[in-house]
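Please read the structure below before turning to the comments.
The values are calculated or read from the model by the stated rules, or taken from the named source; none is laboratory data. Since the model is a prediction, treat every value here as computed from it, not as a measurement. Cβ placement follows ideal geometry from the backbone for every residue including glycine, while neighbour counts extend to all protein chains displayed. Note: accessible area is taken over every heavy atom of the protein model, side chains too, but ligands, DNA and RNA are not part of it. Shrake-Rupley method; radii C 1.70, N 1.55, O 1.52, S 1.80 Å.
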Amino acid sequence: MSRELAKTYDPKGIEERLYEKWMKNGYFHAKVNPDKKPFTIVMPPPNVTGQLHMGHALDNTMQDILIRFKRMQGYEALWQPGTDHAAIATEVKVIEKLRSEGIDKNEIGREAFLKHAWAWKEEYGGRIINQLKKLGASADWDRERFTMDEGCSRAVNDVFIKLYNKGYIYKGSRIINWCPVCQTSISDAEVEHEDQDGFFWHINYPIVGEEGRFVEIATTRPETLLGDTAVAVNPKDERYKDLVGKMLELPLTGRQIPVIADEYVDKEFGTGCVKITPAHDPNDFEVGRRHNLEEINILNDDATINEKGGKYAGMDRYEARKVMVEDLKEMGLLVKVVPHSHSVGTHDRCGTTVEPMIKPQWFVRMHEMAQEAIKVVKNGEMKFVPERFDKPYLNWLENIRDWCISRQLWWGHRIPAYYCDECGEIVVGKETPAVCPKCGCTHFHQDEDSLDTWFSSALWPFSTLGWPDDTPEMNYFYPTDVLVTGYDIITFWVIRMVFSALEQTGKIPFHHVLIHGLVRDSLGRKMSKSLGNGIDPLEVIDRYGADALRLTLMTGNAPGNDMRFYWERVEASRNFANKIWNASRFILMNLEGKEIEKPADLSALCPEDRWILSRINTVTREVTENMDKYELGIAVSKIYDFLWDEFCDWYIEIAKVRLWKADEDPKASGEALWTLRTVLTQALKLLHPFMPFVTEEIYCTLLPEEESIMIAPWPEYDEALCFADAESAVSCMQEVVRGIRNTRTQMQVPQGRKTHVYIVAGSAEAAEQYRSCARSFVNLASASGIYVQETREGIGEDAVSIVVSNAVAFLPLEDLVDKAKELERLSKEKERLAKEISRCEGMLNNPNFVNKAPAAKVDAEKEKLAKYKEMAEKVETQLKNLA
RNA sequence: GGAAGGUUAGCUCAGCUGGGAGAGCGCUCGCUUGACGUGCGAAAGGUCGCAGGUUCGAUCCCUGUACCUUCCACCA
């Protein structure tokens, strides 16, 4: 590979090339390996025919970072990928496609429809996987699974049968949420409540046998009147005590309904009289069951009024509402209409207002399994990161209701229940039963419904590893280590995986649940198709590279918090990629044609080299700790700061002085080069999980003998590379350099004008420190010569002084010095120091502080005080000299 | 009604177990310095929502409060 690098980093082409290389070399593949410890992440399966959005990008970037980190650390790291069949979403898409071709789902029938659906899946199924690859995802694609593949389907059937036999799955006629557009039942979790402005229609129901007397009810859905089978009042409501037991004439229907008493009614709300529609309201359903009321379903599946609705039959629910209100008005039964805002349940997939309806459906009894899922979080076996997300988890489980799992869809796992054609007996099993156990009949038909998508994704952490078979993978990789997902999906998916895993495998599915927030647009709005404010991650990758996108998503946001997306931030990330690219380019240019050997004794290196080695050593320790705690944002910003500020802005500039004189002093330049390459290499390894492409490209160019940074071992902290003395020497030097730069700017010293720098050290020790890194000043402080001494001797009276903690630096800038300004500058400095001194003294004079604060804090204050006093004295001396 | 989170520099946000407030972007000034102008150097800019409390000491802990966001429940 050529060592020539372009002047700016262009990820195009490079990313694809590297990804192909990784795939070809099989780096992503994990296998059962008893010699290594496993580390497992199961990828939340995206919709098989979906497209990558920012949420996926964030979620998968986090997973990829963790998996790459652990892989480098020597774990057998499995990132188990796959896709979800997404029942409703996919079925709707296929229906739409067929419709555009003039084909009706119901006309072609189940078999033919499924053929179309599979064809659709084959056509678009690979799309999102390829998009994930563009992101750099190092998942084990050899193990890619699909919720409807053979193994997963077997797991689904197995679980269904087990739960049925245990009595945890049952079929029942209960009130469920019905989506009239998707024409299927949906679970409570799939209903979104939103406040809508509507009306309260007050309607009089005439009391039978009491001419002119009415009961006034108030409703937000007048059309449900057609299904009323009672009016309820509170038993303690004095106003209506005499009405209980009386009959009312239900307008528009000719039916008579009773007045009943039930605690459910709130005396204060509305009129205190509630129409009861057991078939179309969950609360009314409960009341109805308590009082044995008739349940009259008045709606067809498409939410038009059915034959029970008399003259309104065939009308859409909202049209019927309008007409009925008109009719009631004409009859003089409409008392009033008042505006009223109330929450309406909508289907989260299509936004349609759901209708509660009574239908025979399959349910999972939740109470017992929920208890187990609660236990593992309460006892700390399974932990949320950040911890606060255990609250919605526990809250949901503690108030859980039975889970409606049947869907009136074809795309999905068909319910393994068979009905005897003769007697209707239900037999649940893997195959069509031969003989009815009840009547001996041999003819059966399978249940038409399919299962909720989440039923199969609930099994994902183990069905993908081969369960229900006892596979080596199950034994080795399960339970998985961490699940990474957004907080919006805890109730849908996380909970269901946990209770399913506990029930089926007896183990938690994962030890940690790492929760992230939503990626919002720059105005803080949710990205959505309808708003058109979504930003396509692929466009970001195309324009700035996957590394820039990944870095953007990982910086500046805390775990579990939402973040806003800004193109400016992507630019900043891109700039960083370019920055390290150029740092590497610089090092490569200097390495050209040289063989660099590791210095025999690192502790004999100059302070600057030992400083940067010591720093990367510390950064390595800190970053590793952050990664272990899932603090990915903190980890990457430490690497960022180290590389940009310390390595590029300081160390490279320091090293240049030696590189310029490579011919004169090959040993010194060799040491600088070795250090440059070593530190950069190590930092690249730390950065690799975050920015896999640019780090790989540089690494392989820098170390042509190496195969890939992906398989390089993760750096480890090394006690022997901790050089406190060097860190202190360099930090003093930096203090002086900053002081000099500041002064030069203030005095408007022209860029090209170099000056001598005199450093009068406060002690022999300090002098030694400054001498040891004197040559660095040449470049850092635009110095023409460095003179470290212990007295002021030989320095002009009017030299500009810069006072630091253990020295005073002087710049002979005679012609530029304005005495008055200089006096002012020093006075200000004096003032500043005086403030510091009084602050320290204040604390130290406080006996409470001295007695109660930790000794280390007190000593630190004492040291500061001494330092500031010394500096103040020096400033004072300068002021005198100037005067 | 219940719960969670937020309130820090002009903007967007970090800030781990309490001990002198940080970043990115923006703004100002100066730089065609031989890796990088996708850059370098120097600055300006914050009583860390408000009020109490605990503490020698609070952006951080506790209580209350205001405003914002979200989730759950209810709404005849």
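Structure values in brief
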read-out	value
Flag for residue A:674 being touching a residue at least 12 places away in the same chain (Cβ under 8 Å) and within 12 Å of RNA strand B (Cβ to nearest atom)	no
The listed residue being at pLDDT below 95, polar (S, T, N, Q) and assigned to a helix (DSSP H, G or I), out of A:130, A:106	A:106
Residue check, residue A:501 closer than 30 Å to residue A:52 by Cα and either among the small types (Gly, Ala, Ser) or surrounded by 17 or more Cβ atoms within 10 Å (Cβ to Cβ) (or both)	yes
Near pairs, Cβ below 8 angstrom, 6+ apart or cross-chain, from the range A:813-832 (closer than 13 Å to residue A:871 by Cβ) to any residue that is buried (at least 17 other Cβ atoms within 10 Å of the Cβ) and not aliphatic (A, V, I, L, M)	A:826/A:801; A:826/A:878
Complete set of residues in the range A:188-198 that are at pLDDT 90 or above and either aliphatic (A, V, I, L, M) or more than 10 Å from RNA strand B (Cβ to nearest atom) (or both)	A:191
Selection from the range A:807-863 of residues that are within 10 Å of RNA strand B (Cβ to nearest atom), of a type in the set (S, T, N, Q) and not in a loop (DSSP other than H, G, I, E, B)	A:838, A:848, A:851
Top-ranked residue of the range A:701-736 - restricted to ones that are among the hydrophobic types (A, V, I, L, M, F, W, C) and open to solvent by 40 Å² or more (accessible area, probe 1.4 Å), ranked as farthest from residue A:778 (Cα to Cα)	A:711
Unique match (being among the acidic types (Asp, Glu), at pLDDT 95 or above and out of contact with any Lys or Arg (no Cβ under 8 Å at 6 or more places or on another chain)) among A:372, A:387	A:372
Top-ranked residue of the range A:60-89 - restricted to ones that are touching a Phe, Trp or Tyr at 6+ places or on another chain (Cβ under 9 Å) and modelled with pLDDT under 95, ranked as nearest to residue A:519 (Cα to Cα)	A:86
Conditions (1) out of contact with any Pro (no Cβ under 9 Å at 6 or more places or on another chain); (2) more than 8 Å from RNA strand B (Cβ to nearest atom); (3) in contact (Cβ under 8 Å) with a residue 60 or more places away in the chain; (4) under 16 Å from residue A:690 (Cβ atoms); number of the one not met by residue A:644	(2)
Among (1) more than 30 Å from residue A:749 (Cα to Cα); (2) touching a residue at least 24 places away in the same chain (Cβ under 8 Å); (3) open to solvent by less than 30 Å² (accessible area, probe 1.4 Å), the one test that residue A:864 misses	(3)
Residue check, residue A:795 more than 30 Å from residue A:652 (Cα to Cα) and open to solvent by less than 70 Å² (accessible area, probe 1.4 Å)	yes
Any chance residue A:465 is touching an Asp or Glu at 6+ places or on another chain (Cβ under 9 Å), open to solvent by less than 30 Å² (accessible area, probe 1.4 Å) and away from RNA strand B (no atom under 16 Å from the Cβ)	yes
Matching option when the condition is within 30 Å of residue A:524 (Cα to Cα), more than 8 Å from RNA strand B (Cβ to nearest atom), modelled with pLDDT of 95 or more and open to solvent by less than 50 Å² (accessible area, probe 1.4 Å), among A:549, A:613, A:602	A:549
Those residues of the range A:668-717 which are under 21 Å from residue A:578 (Cβ atoms) and aromatic (Phe, Trp, Tyr), in sequence order	A:690, A:693, A:699
Residue, nearest to residue A:490 (Cα to Cα), within the range A:138-191, restricted to residues that are of a type in the set (S, T, N, Q) and open to solvent by 50 Å² or more (accessible area, probe 1.4 Å)	A:183
Any hit, the range A:411-423, residues being open to solvent by less than 60 Å² (accessible area, probe 1.4 Å), in a loop (DSSP other than H, G, I, E, B) and among the aromatic types (Phe, Trp, Tyr)	yes
Scan of the range A:737-749 for residues that are open to solvent by less than 70 Å² (accessible area, probe 1.4 Å) and in contact with a Leu (Cβ under 9 Å, 6 or more places away or on another chain), ordered by number	A:737, A:740, A:743, A:744, A:747, A:749
Residue check, residue A:400 modelled with pLDDT of 95 or more and either open to solvent by less than 50 Å² (accessible area, probe 1.4 Å) or touching a helix residue (DSSP H, G or I) at 6+ places or on another chain (Cβ under 6 Å) (or both)	no
The listed residue being over 24 Å from residue A:186 (Cβ atoms), over 49 Å from the mean Cα position of the chain (by Cα) and not in a loop (DSSP other than H, G, I, E, B), out of A:215, A:274	A:215
Single match in A:696, A:706 (criterion: without any contact (Cβ under 8 Å) to a residue 24 or more places away in the chain and under 35 Å from the mean Cα position of the chain (by Cα))	A:706
Qualifying positions in the range A:533-546 - touching a residue at least 24 places away in the same chain (Cβ under 8 Å), open to solvent by less than 40 Å² (accessible area, probe 1.4 Å) and either within 10 Å of RNA strand B (Cβ to nearest atom) or assigned to a loop (DSSP other than H, G, I, E, B) (or both)	A:535, A:544, A:545
Breaking point among (1) part of a loop (DSSP other than H, G, I, E, B); (2) surrounded by fewer than 14 Cβ atoms within 10 Å (Cβ to Cβ); (3) without any contact (Cβ under 8 Å) to a residue 60 or more places away in the chain, for residue A:436	(2)
Test: residue in the range A:1-24 that is touching a strand residue (DSSP E or B) at 6+ places or on another chain (Cβ under 9 Å), among the charged types (D, E, K, R) and open to solvent by 20 Å² or more (accessible area, probe 1.4 Å)	no
3 or more residues under 30 Å from residue A:269 (Cβ atoms): qualifying helices (runs of 4 or more DSSP H) within the range A:310-398	A:317-330, A:390-398
Considering residues of the range A:627-640 that are more than 7 Å from RNA strand B (Cβ to nearest atom) and open to solvent by 10 Å² or more (accessible area, probe 1.4 Å) only, the residue nearest to residue A:548 (Cα to Cα)	A:640
Pairs with Cβ under 6 Å, 6+ apart, first in the range A:269-286 and within 24 Å of residue A:239 (Cα to Cα), second among the aliphatic types (A, V, I, L, M) and part of a helix (DSSP H, G or I)	A:276/A:287
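This table checks each residue for (1) under 21 Å from residue A:170 (Cβ atoms); (2) open to solvent by less than 40 Å² (accessible area, probe 1.4 Å).
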{"site": "A:342", "(1), (2)": "no, no"}
{"site": "A:351", "(1), (2)": "no, no"}
{"site": "A:360", "(1), (2)": "yes, no"}
{"site": "A:374", "(1), (2)": "no, yes"}
